[in-house]
Amino acid sequence: MIRHDSEIRDLFQRYCAPERRYMKLGGAVLRMPPEKYEPFVHALAADAKAVSDAELTILLEGSWRERRTAAWLAAVSRRDHFRERLGALLLESELCCAGGAYCLALASFGTARDADLLAAYLDRYLRRPDLAYDQPTAMGALAYTDSVLQGDRAGRLLQKGGLWSQWFQDAPHVRGDADISDYVGGIRRACAVVDECADA
């Protein structure tokens with residue numbers, strides 16, 4: 001159930017609404033010119049330090065805007081104790097536009113458990129070519145996490161005839177080829193932003 005009460009509205013105004021932050025968390029931040037990027041990163045870093053665990057919990061009960069912002073704030077503040085909640089939200093896929101942020105947060109935490117959560121999502125949703133959810137982002141996040149951990153959880157999904165190629169082939173909304181390098185690159189760049197904010 002999505003919260004719409006005054007408490008979550010207040011948190012939205014504080015953490016999500018300034019300069020429409022929730023719209024910039026993702027690809028937009030990666031394309032910002034330096035004069036906009038620097039203040040954005042500093043403000044995000046400050047809010048990641050200021051937000052409490054209780055506030056993050058409430059934000060994760062909101063709409064996609066609050067959840068996307070909360071996932072980034074958790075990643076920047078290195079609050080990996082939110083991993084199970086983020087993994088559960090990713091698996092539920094209740095709302096659009098937030099799954100990529102969950103994938104980013106899990107990739108930024110970068111442990112074997114995070115990789116397991118990403119793999120669980122892919123095991124479920126790569127079997128659903130009718131759904132255009134966050135499969136490409138999750139695949140990029142898992143492959144990126146594998147590269148950090150020197151693991152191979154993505155290998156069975158990526159092998160010839162595996163779930164990834166089957167989903168890519170059968171999904172009517174997907175164009176291009178099944179190469180995941182762009183998705184891995186996007187996660188890598190977003191994790192670099194998270195690291196920069198965390199170090200600010």
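The values are calculated or read from the model by the stated rules, or taken from the named source; none is laboratory data. These numbers were taken from a predicted model, which means no experiment stands behind them. Note: ideal-geometry Cβ built from the backbone for every residue, glycine included; neighbour counts use all protein chains shown. Accessible surface is based on the protein model in full, side chains and every heavy atom, while ligands, DNA and RNA are left aside. Shrake-Rupley method; radii C 1.70, N 1.55, O 1.52, S 1.80 Å.
When a/c is below 1.5 the answer is rounded, else prolate if a/b is larger than b/c, else oblate, so apply that to segment 57-99 with a ≥ b ≥ c taken from the square roots of the Cα gyration tensor eigenvalues.
Since a/c reaches 1.5 but b/c is at least a/b, the shape of segment 57-99 is classed as oblate.
To the nearest µm²/s, what D does Stokes-Einstein give for segment 57-147 at 10 °C and 1.306 mPa s, using the Kirkwood radius over alpha carbon pairs as Rh?
Estimated via Stokes-Einstein, D reaches 126 µm²/s.
Just the ratio, please: alpha-carbon radius of gyration of the chain over 2.2 N^0.38 Å, N its number of residues.
Dividing the Cα radius of gyration by 2.2 N^0.38 Å gives 0.99.
Per-residue ellipticity at 222 nm for the chain, helices alone: DSSP H runs ≥ 4 residues times -39500 (n - 2.57), over residue total, nearest 500 deg cm²/dmol?
Taken over the chain, the calculation gives -19500 deg cm²/dmol.
Taking the chain as the reference, fit the longest principal axis to its C-alpha atoms, fit the long axis of helix 34-50 to the helix C-alpha atoms, and give the angle between the two in degrees, 0 to 90, nearest 10.
80 degrees
Whenever you get a sec, line up 160, 49, 24 from highest to lowest accessible area (probe 1.4 Å, protein heavy atoms).
160, 49, 24
Packing-wise, with mean Cβ within 10 Å as the measure, how do 133-143, 33-43 rank, highest first?
Sorting 133-143, 33-43 by mean packing, highest first, produces 133-143, 33-43.
Considering only C-alpha atoms, what is the centroid distance from segment 130-200 to segment 83-127, in Å?
Going from one Cα centre to the other spans 11 Å.
Expected output is a single nm value to one decimal: the length gained when fully extending between residue 195 and residue 46, i.e. 0.36 nm times separation in residues minus the C-alpha distance. What is it?
Difference between extended and current length: 52.3 nm.
How about segment 56-122: which trypsin sites (Lys or Arg not before Pro) there lie in a loop by DSSP and see at most 15 other Cβ atoms within 10 Å?
Passing both the DSSP loop test and the Cβ count: 78.
Sort the following peptides by mean Cβ neighbour count (other Cβ atoms within 10 Å, averaged over residues), highest first: 185-193, 170-178.
185-193, 170-178
Given the Cα-Cα distance of residue 169 and residue 97 and 0.36 nm per residue of separation, how much length would full extension add, in nm?
The residue 169-residue 97 span can extend by a further 23.6 nm.
Check the straight Cα-Cα distances from residue 36 and name the lysines below 20 Å, setting aside those fewer than 8 residues away within the same chain.
Excluding near neighbours in sequence, the set is 24.
Please compute the contact order of segment 99-192 in relative form: average sequence separation of alpha-carbon pairs under 8 Å and at least six residues apart, divided by the residue count, as a percent.
34 percent
For the pair residue 10/residue 159, report the inter-label distance in nm, with labels modelled 7 Å from Cα in the Cβ direction.
Calculated label separation equals 5.4 nm.
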